[in-house]
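Student: Got a structure for you, questions after.
Here, each number is a calculation from the coordinates, and none is a lab measurement. As the structure is a computational prediction, the values presented were derived from the model and not from experiment. Neighbour counts are summed over all protein chains in view; Cβ atoms, including those assigned to glycine, are modelled from backbone coordinates with ideal geometry.
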Amino acid sequence: MMQAVSMESRQIGTVLPSGTQKAKSKRNQIVRAAQEMILKKGFTHITIKDIANKVGMTRSLFYHYFTNKDAIGEAVLDDAVDRIVARIDTWNETRQPGNVDKAMNDIVHLMRDIINDEGPFSQRLVRSGNGELYIRFMDQVSQRVADSIERTAAEDFVRLHGELPVRHLHETLVMLISGLIAILREHPDTSDETITEILAQTLHLEPYRNCRNSQPTQLHPSPRLGLLDISKSSKNKKERK
């Protein structure tokens with residue numbers, strides 16, 4: 001009999017027996033085994049029986065953790081995206097509020113490292129005919145990294161400067177992140193200076209570059225991100241002059 005669905009799992013097709021630590025550990029073992037097999041064979045060419053054999057369990061026991069193959073595929077994607085977002089969170093923890101240049105330089109270096117690390121996984125998805133799974137993977141990465149930056153670096157920027165110099169922040173970040181990944185993957189010889197300049201131009205951060213003030217002269221409440229009028233920012237700059 002199927003057990004209750006774990007509240008900690010984001011996958012609809014994930015089922016765990018009794019939510020014990022042992023069950024969670026076994027589930028993680030299944031996910032990592034599936035990821036290793038995807039790297040070797042591609043998602044299309046592996047079966048539930050293959051994964052169950054690798055972790056030393058029967059197919060019937062496998063179904064106590066995942067309802068079908070698509071569910072394990074989603075779990076593998078989530079695990080890979082979680083690791084990427086964790087590295088973005090580490091970048092944020094070491095970021096110096098107000099130091100725009102350093103923040104952009106550091107995240108460009110980090111994105112290069114991430115692409116080098118996850119490259120074999122995403123390339124295997126494409127080569128093995130799992131383009132749809134790859135698209136879902138890239139969409140999750142772009143969305144969740146954008147969410148992370150929006151609730152951390154963008155909020156800090158608003159507290160320092162009162163408003164953002166770009167409208168529709170979330171959508172802009174998603175497009176920027178997916179484009180940045182594509183450039184770094186297809187044209188790895190593109191210089192960090194070029195990538196940083198693209199970031200600054202797209203987010204209208206050029207007037208704030210080379211700023212080293214870590215403390216705001218005045219704290220502002222954070223307005224709703226992504227709905228700011230750039231003309232208001234220009235007006236404030238003229239008044240300060």
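Student: Between residue 101 and residue 116, 0.36 nm times their residue separation minus their Cα-Cα distance comes to what?
Tutor: So the extension gain works out to 3.1 nm.
Student: Under a Cβ-Cβ cut-off of 12 Å, what is the net charge of the residues other than residue 151 that fall near it, where Lys and Arg count +1 and Asp and Glu count -1?
Tutor: Working: positive: 144; negative: 89, 147, 150, 155, 156.
Local net charge: -4.
Student: Would you please give the residues with an amide H less than 5 Å from that of residue 66, counting only those at least 5 places away or on a separate chain, with H modeled from the backbone geometry?
Tutor: Hits under the 5 Å cutoff: 15.
Student: Stretched out fully, how many nm does the piece from residue 168 to residue 24 gain, at 0.36 nm a residue minus the Cα gap?
Tutor: 48.0 nm
Student: How much length would be gained if the chain were fully extended between residue 79 and residue 45, taking 0.36 nm per residue of separation minus their Cα-Cα distance, in nm to one decimal?
Tutor: Taking residue 79 through residue 45 to full extension adds about 10.2 nm, to one decimal.
Student: Could you please state, rounded to a whole Å, how far the C-alpha centre of region 35-75 is from the C-alpha centre of region 162-190?
Tutor: Comparing the Cα centres of region 35-75 and region 162-190, I get a distance of 34 Å.
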